[in-house]
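Heads up: the structure comes next, in structure tokens.
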Amino acid sequence: MKLFEKIFKFLASLKLAVIIVVSLGVISAWGTIVESRYDMITAQKLVYHSWYMYSVLFLLIVNLIAVMVDRLPWQKKHIGFILAHVGIIILLVGSYVTRVVGIDGTLVFDIGESQRYISLIDQNEVVVYQMKNFEDSEKIYQEKVDFLVNPPKKNPLLIPIEKGQIEIFDYMPYAQKSFQIIESDKMMDGPALRFQLTNQFVNMTEWIVQMGTQPAKLSLGPAQVVLSRDANYQTLGGMNEIVLWPHSKLKKLNYKIYNKDGLVQREGTIGFSEEIDTGWMGLKFRTVQYFPKSKVQYEYKQLERPNANSVSAARFRFNGQEYWLGLNTALELYGDDVVYFITYGNKRIDLGFPVTLDRFEMEKYQGTEMAASYKSIVTVPELGVQEISMNEPLKYKGFTFYQASFQQDKMGQPIGSVLSVNRDPGRFWKYLGSLMIVLGSIVLFYFKRTRKKENVAHDVT
Amino acid sequence: MMSLKISKWIVIFSVMLASLAQASIESTLGVLPVQDSGRIKPFDTFARETLQLIYGKKSYEGVSAVEVVFMWMVLSPQWDEMDFVQIENKLLKEKLNLDIRTKRFSPNILLKKDELQVVLRDLQEKKDNKEKLNPYYQSVERLQNQLTLYKAISQGMVPGLVPPVEGTTWIAPKDLSEEFLNLFVSITKGFAAVVKDSSSLPDFEKAVQVFIERARSENIALVPSQRMIALEYQYNKVHPFQWSWILYLLSGVLFMLFFISQKEKFFLFSWYFMLVAFVLHTYGFILRVVITGRPPVSNMYETVIWVPWGAVLFSIIFMKFLKNKFLVFASSLISFICLVLADLAPVVLDASLQPLQPVLRSNLWLTVHVLTITISYGAFFLAFMLGDISLVFYALSEKKYEKHLVSIRDVMYRAVQVGVVLLGAGTILGGVWADYSWGRFWGWDPKETWALIAFLGYIAILHGRLAGWIKPFGFVFWNVLAFNLVIMAWYGVNYVLGAGLHSYGFGGGGLPFVSAFCGAHFVFATAVWFLRSQRLQKN
């Protein structure tokens, strides 16, 4: 009994409160340092939502409850104290509710596009589909993963498939993605061309790779380069175009140059490292490298710290071969009579309805290119056309849509919008708790004033 | 006594106003409305900001910014050869093969350097990779801005002089219609005439006046009233914050005289000087608010002005209830330090009036959230300064100054309480704002996290005191140290950590100074603690 009382006294003590408050401060400070050296997600996962942070917060709640029990029976002078302390508990519980059942996602869409999925940037999943005999694919595996907290090097992730398994055994939290284009011998693969465009102002070298059945298009301001499989490409006009497709001779290409009105200006064949005059602003087109069949191979290089373009990547083993899989990418794997499709990416949630981006409007500060404000004009079924702007969110079916940012093309023109979408069942509790903390502190300090003399006397002794 | 003081002030004020009223090239051309960086401003503001960026000062060897920048517009070939582009970074000078000891270089010398292209390309690469810029790259970026702006001015691309009939982009000098070009040429001629002979000023004034009137009539809707333009010119010219810090300094000196002589008269003077300084401080604020149409707390400069204002406000309120004279000294000192810093570190603290980032354009929330948090810093600053004063007393003689120490501690306690309530409320309001505009109540953004850490620090002190861990001296000691948390939340997050959502408030520089300030206090507080424990052991 005495031991129990002692423990209770300790749990209800001010000294424990000071220890907890200082620990929270130290952990948070550490978190901001981690964030500035790495990134927000790393700091959240390794510090702010770590087991030790949660333990301290749990201890805080115990301490708050114990100290209130200790003060029983409550008197009038305890009003501020109770309000502030219960407020903290409610605020923490509300935050926990948000954390566990709330949704905080991102919706990215281009102008004109409909989107019904939002992605959660702090939650990742691995999904595997299986395809047999070119029939419909079937999802055979889907699991939430957190390789940062739970590195596969220690705990490999085993995904069972018909014969054997896919084993994810390594992970890089920050990797620089680069690609290499290599020659292939598969009939299905398309051509790839590396070309150079030069005049006195411009000097650019680019790859264009054709995959699947559609011609590849690369827009370079007022002109466009098109790489097609065959001669059947139909120009739409409206911009200068150079269209290329494989020649019967392996190392040559056919080309046609169209003007804005869709009329053929020049045509002919071009070989390796040859140059043609396009007739647009003195631009010369030169082939640098050409593969009749090609494939893109991605490579990931480990970085010590993240940069603006780095991604995380997981390494897995399948059929004795090893592959890297970057975040939000997919790979096809060929088995004997089966094709697997493995994706590693942000967890996606179906909103249950599509949101269409009709227009994106941006207002600029007078005479500058600085954005003053911007908004998305969207269509939502049942609601019709709605506006979402900074500080003016849209609420629908339990979700709230906020204007977060936008996407631009190379010329700086907005081409898409980024909304932040969330559902927060803990909101009411967080607001209630906050209000109680503020009111409680004011009342608390007001009462302190009446006890001031007492304190001063205590100070002097 | 009082009336004498007041009459003195009236004289000083009228001298100030008289210097304003006297016509000059500066006062005439200074009120020409121009468009630059997203707003309409008097030519005077444009010229000052430009000269500050390129030359590093607000006037050029006694010649006003207005005159210098106007000459750049019309007489650039002569200026191209003059050494006025300021470069401070030594590494940059080395890379450009320039003399390390020279401070300023001519545009022609700089533009002819082959190394310049290399340096600029490196900067572009950093920017493309969205890397943080270190002080070297920040100075490269500054040089780029300096040269670009000078070239743009000398080629007549900025500023916008005439409002367009359609659209919002004002017409630059090089694109002026023939009519306006003629009007502009007559300004130029008038300018040249005044430089030769100041008696032709009325003609010059008339030429400028005609231009302003005619430009306004092009599109009245786009031009703010000439009174607003004149008001901003007045703000630039009077520079109330400068007068304010001079008076705060005087107030502090008078307080010291009072403390040494114990003559009540000196204290009264100190108190009145602080009040007058406060009035000017407030006046400067109101001007800024009227000119920009928003509360002035959107960048570091503005908070460095606002926080001491809060400290003085609290000290005036506390004076009413607690009547502790040290409040006057502490708050005058705080304001003096902050306002001098704001004046003397223009590269770190950008004083220009700038348009807001989109996310900040929700005035009510911005106002409430930022004002509440930053004014709490004022309360903590007051507690810190009083703590400093207490530490001096502790160091001198704890026994002798016992009475002062007890009463100062009482005020500090109150200041900390006010600070805690305001910081807590402000942080929560920040959560409400974030929730309202981003849908996230709390996102562990470094700015909000450091506000929380500062809050926790003071909560720990208050609870530690109740727990009996923190004794009277400890309260003073920890208060002085805890202010480092406020400095971190206020300055450090933007200038040291440099990450997070609050990146619209970011800048660089000043780190050695702030580190020295924090380090010195740490050493001072620890030394007093050590000294005191030695003394206690002896007794």
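Readers should treat all values here as calculations from the given coordinates under stated rules, not as data from a laboratory. The structure presented is a predicted model; accordingly, all values stated were derived computationally and were not measured. Methodologically, a virtual Cβ is constructed for each residue, glycine included, from the backbone with ideal geometry; neighbour enumeration extends over all protein chains shown.
Global dimensions of the range A:121-179 from alpha-carbon coordinates: Rg and Dmax equal 13.8, 38 Å.
The simple spin-label model puts a point 7 Å past each Cα toward its Cβ; for residue A:106 and residue A:363 those points are separated by 2.7 nm. Taking Cα atoms only, the orientation of helix B:511-538 departs from the longest principal axis of chain B by about 10 degrees.
For residue A:418 and residue B:320, what is the calculated FRET efficiency with R₀ set at 35 Å and r taken between the beta-carbons, to the nearest 0.05? Kindly include the intermediate steps, with their values, before the conclusion.
Numbers: r = 51 Å, r/R0 = 1.46.
Given R0 = 35 Å and the Cβ-Cβ separation, E is 0.10.
Relative contact order of chain A: what whole-number percent is it, with Cα pairs under 8 angstrom and at least 6 residues apart?
Reported as a whole number, the value is 21 percent.
Taking Cα atoms only, the orientation of helix A:2-11 departs from the longest principal axis of chain A by about 50 degrees. Per the Kirkwood formula applied to alpha carbons, the protein assembly as shown shows a radius of gyration over Rh ratio, Rg over Rh, of 1.01.
Ranking B:222, A:169, B:168 by Cα position along the charge dipole of the protein assembly as shown, where only Lys, Arg, Asp and Glu carry charges on their C-beta atoms, puts A:169 farthest toward the positive end. When Rg and the Kirkwood Rh are both derived from Cα coordinates, the Rg/Rh ratio for the range A:77-168 amounts to 1.21. Helix-only arithmetic for chain B: the sum of -39500 (n - 2.57) across DSSP H runs with n ≥ 4, divided by the residue total, places the mean residue ellipticity at 222 nm at -23500 deg cm²/dmol.
The radius of gyration of the Cα set in chain A, together with its Dmax, comes out at 30.5, 101 angstrom. Stokes-Einstein diffusion for chain B, with the hydrodynamic radius set to the Kirkwood value over Cα pairs and evaluated at 37 °C in a medium of 0.692 mPa s, equals 127 µm²/s. So what is log10(I(q)/I(0)) for the range A:192-292 at q = 0.25 1/Å, when the Debye sum runs over its Cα atoms only? Result of the Debye calculation: -1.67.
Out of all Cα-Cα pairs in the range A:1-75, roughly what percent, to the nearest whole number, are more than 14 Å apart? Roughly 66 percent, rounded to a whole number.
For the pair residue B:141 and residue B:82, label points projected 7 Å from Cα toward Cβ lie 2.9 nm apart. With 17 Å as the cut-off, how large is the P(r) tail for the range A:303-422, expressed as percent of Cα-Cα pairs? Of all Cα-Cα distances in the range A:303-422, 70 percent exceed 17 Å. What would the Debye formula give as log10 I(q)/I(0) at q = 0.13, 0.30 Å⁻¹ for the alpha-carbon point model of the range B:195-254, no solvent? Here log10 of I(q) over I(0) equals -0.61, -1.10. Taking the C-alpha atoms only, the angle from helix A:427-450 to the longest principal axis of chain A is near 40 degrees. When the Cα convex hull of the range B:22-223 is projected onto planes of every orientation, the mean area is 12.7 nm². Here the 3J(HN,Hα) profile of the range B:433-438, calculated from phi with Karplus coefficients 6.51, -1.76 and 1.60 at θ = phi - 60°, is 5, 4, 5, 6, 9, 10 Hz, Gly and Pro shown as x.
Legend: translational diffusion of the range B:239-538 by Stokes-Einstein, Rh = Kirkwood radius over C-alpha pairs, 37 °C, 0.692 mPa s; D = 166 µm²/s.
Counting only C-alpha contacts under 8 Å and six or more residues apart, can you give the relative contact order of the range A:192-292 as a whole percent? Each step should come with its number before you reach the end.
Values: 223 pairs, mean separation 26.2, N = 101.
Value for the range A:192-292: 26 percent.
What separates the Cα centres of the range B:55-99 and the range B:214-252 is a distance of 25 Å.
Dividing the mean sequence gap of close Cα pairs (under 8 Å, 6+ apart) by how many residues the range A:1-125 holds gives a relative contact order of 22 percent. What you get for the protein assembly as shown, charging only the Cβ of Lys and Arg (+1) and of Asp and Glu (-1), is a dipole of about 4500 debye around the Cα centre.
Among DSSP beta bridges lying fully in chain A, give the percent that are antiparallel, nearest 5.
Antiparallel: roughly 95 percent of the beta bridges in chain A.
Estimated from the Cβ-Cβ distance and a Förster radius of 30 angstrom, the FRET efficiency linking residue B:227 and residue B:169 is about 0.75. The modelled label-to-label distance for the pair residue A:138/residue A:274, using points 7 Å beyond Cα in the direction of Cβ, is 5.2 nm.
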